[in-house]
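The next block holds one structure in the form of structure tokens; read it before the comments.
The values are calculated or read from the model by the stated rules, or taken from the named source; none is laboratory data. Just so we're clear, the structure is a prediction, and the values are computed from it rather than from any experiment. All Cβ positions, even for glycine, are placed from backbone atoms using ideal geometry, and neighbour counts span all protein chains on display. Accessible surface areas use protein heavy atoms only, side chains included; no ligands, DNA or RNA. Shrake-Rupley method; radii C 1.70, N 1.55, O 1.52, S 1.80 Å.
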Amino acid sequence: MRLPFLIASILAGILSLNASSLAAPPRVLLEGFELEQIAKEPEIVTPVGMTFDDQGRMFVIESHTHQRPDDYEGPKGDRILMFADKDGDGSFEKPTVFAEGFQQAMNTMATGEWLYVVTRREVTRIRDTDLDGKADETKNVLTLETEAQYPHNGLSGIALFGLDEALLIGLGENFGGDYTLVGSDGSRDSGEGGVGVIYECLPDGSELGRLAAGFWNPFSICVINDLPRQIPFIFTVDNDPDASPPCRLINVVPEGDYGHRWEYGRAGLHPLQAWDGELPGTLPMMCGTGEAPTAIIPHRGYLWVTSWGDHRIERYRIQQKGMSFTATQEIVIQGDADFRPTGMAVGPDGHLYFADWVSRSYPVHGKGRIWRLKLPSVKEGEEETFGDFLAPELEVTSDDPFTRHLAHYSSNYLPAEPNDQDNSLAVVFSEYTLAEERLGFLAQYRWGYPEAKPLALLKRALGDASPDVRLYAVRWIADEKITELRDEVAKLLEGELPTERYYLAVLAAVDWLDGNGGPHDKAVADRVLVSELKNTNRPPAIHALALRLLSPNHEYLNPNTLAKLLDSPHAEVRTEAVRTLAQQEAGYRFVKLSEIASDTNSDSKLRCEAIVGLSGSAKRHEELLQKLAADSDRNVASEAARTLRLAGLTAKPASGTDAKPPADDLTAWSELLDASPGDADSGRRLFFSKVGPQCAACHQHGGRGARVGPDLTRLSTSTSREKILASILQPSQEIAPRYVPWVLSTDDGKTHLGLKMPQGGDGGAWNYSDANGKIFRLRNEEIEMREPSEISIMPAGLEKTLSVQDFRDLLEFLAPAPKPSN
């Protein structure tokens, strides 16, 4: 009776041991590339970092301590395995153990006779002095002193800068824990608050100092030394964004601030967080990468990245932009949920080698693979290079944030031994006529004197004429918890509030300074906005702004509260209340919206906004909309008629009455749309309508809408009107890497197209958004095939459903036409 049970148990064990060999092999998506597996368990298990030395030997970290289960039977410490081709036949022999006994090893790098090993808490370098194939000498380079224990948010990335003149080391957010990093000569640097840092020191670990900060976890670092003019460029991949994808591909510059602080909350949604240069003084990413990138290396004119979370190998063609770069992503290899690439290195044969963790399980599990990606040969004269780099003039007023930053970096704003005690520093600050120079002054002081609290300088900066300078001071005060200036920060709410981000940042700073210093939750913005709405001392304009930014389905916005807001004596509050009601999901909203739309004594704009809300149930309210389409108010009649038309409740215009050019004829479209003016107010209502293009199902504007696609609030400040038009007409022509959707084939025979949604961790299932902004969830195990789509999640053919005037109105809202000069 026990035999079947024993057989089943044995079979289960066999299947478990061979799970990686039974998994579908990853697919190569580019022609001319060839993928082969060169090692697997039990020869190699849970591999992480890897490197080649100048003898062509491959060294791989084999992890046995990463969240080690109690019943794990592997070695007690991590090992460095050495793969060598001793007989020269082009294949590695069975690996040998070069070194062992490490705890939470993350990365490794070979240079000269030394092999550097980075663990969570230290950097060491080891070597084999007696040439017996085993390391016999160890020297400490850096030591991280901290109470934090999590395996992969401590020390990780490593690279050499210049001609082996400096060592670069990445330190993650460390869960916000206090730490001190100590160099081999006793030099040290301390930190708190969860600010990821890239450090520099000499190769032996002496002369430690900060290079750049504001990362989540710079898990891998690389340097390009062979660009023209011998200008070395540093790149890193930020390993995790939690609930605010994408992960970042970053060009690292000296004293660069990349905006992240863990203590503001893991979700990355706090107004004082910057993920893409959204706050003054912070620098943007080059582009987004796949989830959980663990390696970045330069090779043959590309930056190559392993994405553990999206099961793929990516490469990026970089293009110069000012003093930095942008990048275009290509996916070279795509695997399934059991393909988890980690470390990567270029072999002596010019091919790429990378490690594969295999399972989504963070704890070590006894599986692993090593792959070789053979690259196609390159004909003479057709070598792939990174191209030329032409250094522009360093101007503090440049539109390029890197040019501005490096102009600040190369300037000496500060007097010798600046002293804030007698107000002289604030006086020097005020003598700079350009706001950009005053901002650079603040940034340079903060970097150079991180322990200082220059109260007089910061107070002067809070009163600056430039919103950017004020906001930089606000962030500095909040980051360092300078509570002495709390009331000065709060006074900013009584003055100019130039942008939604500025308003939320000031609110969040006051909230943070009043708090207990612990990490904040994801709802910090909503919480402080509710406080604003309850504050009777705030002027109507502030109440309207707070209402616009508050999540429309927040529990505070119940029928009683909204009724009071709809009855406000102030027009701006009433308008935002109707817009909020229109965005809510509760069924009761339609009764009130119908009342407002039908009230001929009500303001015309309010009635039109109510019709936008009724578009969410146009068929049910068809009779009312037909009546409103005949209203004596021209705007009301037009909005109701458009809603009926876009909902398919009225006949389309006769063929030829609204003739349009082909979608790819941008010149003809520009001429057609510019022939008559658009109405931005009408375009705004079309943007938020539940019929027609349904832009707000994916995009935000002015604080309202969804967060699936990019925020379009200030689209016209960074993108030309022509390019915006092209993106609407041909949405798949150019898709930013962070918004590439997936084609997902599931085990029930269905195919889905979805954009991966923000989500912390990897719980075995993921949320995706379809083209209509609807969220669906799939488990990794039910996905048989996944590959990036060349088709945008934004639907094509919008010009076929919109009238020419609709299009004019929408474009005028997103990108106002330039005013004719007098």
Give me the number: length gained by fully extending K819 to E781, i.e. 0.36 nm times residue separation minus the C-alpha to C-alpha distance, one decimal in nm. 8.1 nm
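Considering only protein heavy atoms, what per residue accessible area in square angstrom results for region 452-537 with a 1.4 angstrom probe? Walk me through the intermediate numbers first.
Numbers: 3590 Å² over 86 residues.
Per residue, region 452-537 has 42 Å² of solvent-accessible surface.
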Helix 540-549: angle to the longest alpha-carbon principal axis of the chain, degrees 0 to 90, nearest 10? 50
Extreme residue, positive dipole direction of region 226-308, given options G256, F233, L269 (C-beta unit charges): F233
How much length would be gained if the chain were fully extended between V743 and T385, taking 0.36 nm per residue of separation minus their Cα-Cα distance, in nm to one decimal? 125.7 nm
Gap separating the Cα centres of region 51-113 and region 693-715, nearest whole Å: 48
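Roughly how big is region 491-605's charge dipole about its Cα centre, with Cβ charges of +1 (Lys, Arg) and -1 (Asp, Glu), in debye to the nearest 20? Please report the intermediate quantities before stating the final value.
Working: 13 positive and 16 negative charges, 14 e Å.
Here region 491-605 has a charge dipole of around 60 debye.
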For a quick check of your reading of the filter: which trypsin sites (Lys or Arg not before Pro) in region 674-773 sit in a DSSP loop and have no more than 10 other Cβ atoms within 10 Å? K750
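So if we plug the beta-carbon distance of A796 and E494 into 1/(1 + (r/R0)^6) with R0 = 45 Å, what FRET efficiency do we get, rounded to 0.05? Intermediate values should be presented prior to the final figure.
Details: r = 47 Å, r/R0 = 1.05.
Once the sixth-power term is evaluated, E becomes 0.40.
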Surrounding charge for P661, neighbours by C-beta under 10 angstrom, Lys/Arg +1, Asp/Glu -1, total -3
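Summing +1 for each Lys or Arg and -1 for each Asp or Glu, what net charge is found among the other residues whose Cβ lies under 14 Å from the Cβ of A817?
Values: positive: R721, R808, K819; negative: E671, D674, D679, E722, D809, E812.
Result for the neighbourhood of A817: -3.
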The set of residues whose placed amide H lies less than 5 Å from the amide H of I333, leaving out same-chain residues fewer than 5 positions away, is L29, I313
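Quick one: compute the contact order of the chain, relative version, from alpha carbon pairs under 8 angstrom and 6+ residues apart, as a percent. Present the calculation step by step, with values, prior to reporting the outcome.
On the way: 1723 pairs, mean separation 69.0, N = 822.
Once normalised by length, the contact order is 8 percent.
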If contacts are Cα pairs under 8 angstrom and at least 6 residues apart, what is the relative contact order of region 410-516 in percent? 22
Of the listed peptides 454-464, 428-438, what is their order by residue-averaged count of other C-beta atoms within 10 Å, with the highest listed first? 454-464, 428-438
Accessible area per residue of region 564-680 at 1.4 Å probe, in Å²? 53
What is the angle, in °, between the Cα long axis of helix 804-814 and the longest principal axis of the Cα atoms in the chain? Nearest 10 is fine, range 0 to 90. 60
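Can you compute the FRET efficiency between E73 and T96 using 1/(1 + (r/R0)^6), with r the Cβ-Cβ distance and R0 = 25 Å? Round to the nearest 0.05.
Details: r = 21 Å, r/R0 = 0.83.
It comes to 0.75.
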Suppose each label sits 7 Å from its Cα in the direction of the beta carbon; what would the Q319-T483 distance come out to in nanometres? 5.1
Positive end of the dipole of the chain, charges at C-beta (+1 Lys, Arg; -1 Asp, Glu), about the Cα centre: which of L533, S190, S307 has its Cα farthest in that direction? L533
May I ask you to derive the FRET efficiency for T751 and K605 from their Cβ-Cβ distance with R0 = 45 Å, giving the value to the nearest 0.05? 0.55
Scan (1) 217; (2) 153; (3) 208 for the value of volume of the Cα convex hull per residue in Å³ calculated from this model and give just the label. (1)
Roughly to the nearest percent, how much of the accessible area of the chain is carbon and sulfur, given a 1.4 Å probe? 50
Using only Cα atoms, tell me the angle between helix 500-514 and the longest principal axis of the chain; keep it within 0 to 90° and round to the nearest 10. 60
Quick check: pseudo-label points 7 Å beyond the Cα along Cα→Cβ at E451 and V428, how many nm apart are they? 1.9
In deg cm²/dmol, rounded to 500, what helix-only [θ] at 222 nm does the chain give when every DSSP H run of at least 4 residues adds -39500 (n - 2.57) and the total is split over its residues? -7500 deg cm²/dmol
For the chain, the charge dipole (Cβ of Lys, Arg +1; Cβ of Asp, Glu -1; about the Cα centre) points to a positive end, and the Cα of G172, S359, L35 closest to that extreme belongs to S359
Starting from the Cα-Cα distance between D185 and A416, subtract it from 0.36 nm times their residue separation and give me the gain in nm to one decimal. 80.5 nm
If amide H atoms are built 1.01 Å from N in the plane of the peptide, which residues on other chains or at least 5 residues away come under 5 Å of the amide H of F102? D78
